[in-house]
1. All but one of (1) more than 25 Å from A:VAL13 (Cβ to Cβ); (2) surrounded by fewer than 18 Cβ atoms within 10 Å (Cβ to Cβ); (3) in contact with a Phe, Trp or Tyr (Cβ under 9 Å, 6 or more places away or on another chain) hold for A:ASN53; state the number of the condition that does not hold.
2. Looking only at region A:59-84, count every residue that is in contact with a Lys or Arg (Cβ under 9 Å, 6 or more places away or on another chain) and assigned to a strand (DSSP E or B) and tell me the total.
3. Looking at (1) part of a strand (DSSP E or B); (2) small (Gly, Ala, Ser); (3) out of contact with any strand residue (DSSP E or B) (no Cβ under 6 Å at 6 or more places or on another chain), which is the only condition B:SER49 fails?
4. If a residue must be more than 12 Å from chain B (Cβ to nearest Cβ), more than 11 Å from the chain's Cα centre (by Cα) and not hydrophobic (A, V, I, L, M, F, W, C), how many such residues does region A:9-34 contain?
5. How many residues does region A:35-58 hold that are outside any loop (DSSP other than H, G, I, E, B), within 13 Å of chain B (Cβ to nearest Cβ) and acidic (Asp, Glu)?
6. I'm told B:VAL66 meets every condition in (1) closer than 21 Å to B:PHE10 by Cα; (2) at pLDDT below 95; (3) crowded, with 21+ Cβ neighbours inside 10 Å except one. Can you identify the failing condition by its number?
7. Give me a count of the residues in region B:1-32 that are modelled with pLDDT of 95 or more, assigned to a strand (DSSP E or B) and in contact with a Leu (Cβ under 9 Å, 6 or more places away or on another chain).
8. Among the residues of region A:61-99, write down those that are touching a strand residue (DSSP E or B) at 6+ places or on another chain (Cβ under 6 Å), within 14 Å of chain B (Cβ to nearest Cβ) and of a type outside the set (A, V, I, L, M).
Amino acid sequence: GENVEQHPSTLSVQEGDSAVIKCTYSDSASNYFPWYKQELGKRPQLIIDIRSNVGEKKDQRIAVTLNKTAKHFSLHITETQPEDSAVYFCAVLAGGTSYGKLTFGQGTILTVHP
Amino acid sequence: NAGVTQTPKFQVLKTGQSMTLQCAQDMNHEYMSWYRQDPGMGLRLIHYSVGAGITDQGEVPNGYNVSRSTTEDFPLRLLSAAPSQTSVYFCASSWGLEASNEQFFGPGTRLTVL
């Protein structure tokens, strides 16, 4: 099955700095790569996603980049704010015979210090 | 729309007891899934369904059963609860399995097995 590795597990930055979280995956047939944000005690919510035919996608202060050859994708948050503090999860939607299964990374605890 | 709803919010069981976690959505989504979330392990897929009458196993299906008799409901049954099933359970739904179909999560059920 799909194997998703997410790094780092914790990330601490000062307000205004950038934050980068990286995920690697194993199945080259995977074709959809969402990122979720989960605040303490809340449900995960989609913040940005990218498809396999796109290399980069931006939405205001967040961006996702995808390198299909190397099988990794990254979340970039610029001008971080205290309200960005949360747990971030990457996920990979399997293709091929495993189609339909969404595998999540282990999560990154992001702390933005004022 | 209520979105994705889950009941109960909290549950304490004794080892060996059985129970059903309820999940319902009012968005006419075809795809529904169950995840469990444990500290440091992200979200792991238990079972999923691509439509009424169709279910399949995810990453950690042992000890759990599901059924999908209607589009709206996707209950998760614990047959004989074990302490290893102590976790937070999330139900999610989406329009389908195509790339970029956002998964909407329910508020979660926190289950403790003593």
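The values are calculated or read from the model by the stated rules, or taken from the named source; none is laboratory data. Please read these numbers as outputs of a predicted model, since none were measured by experiment. Positions of Cβ are backbone-derived with ideal geometry, glycine not excepted, and every protein chain shown enters the neighbour counts.
1. It is condition (3) that A:ASN53 fails.
2. Residues meeting the conditions: 10.
3. Failing condition for B:SER49: (3).
4. Final tally of qualifying residues: 10.
5. Here the count works out to 1.
6. Status for B:VAL66: all satisfied but (2).
7. The qualifying residues number 11.
8. Passing the criteria: A:PHE73, A:TYR88, A:PHE89, A:CYS90.
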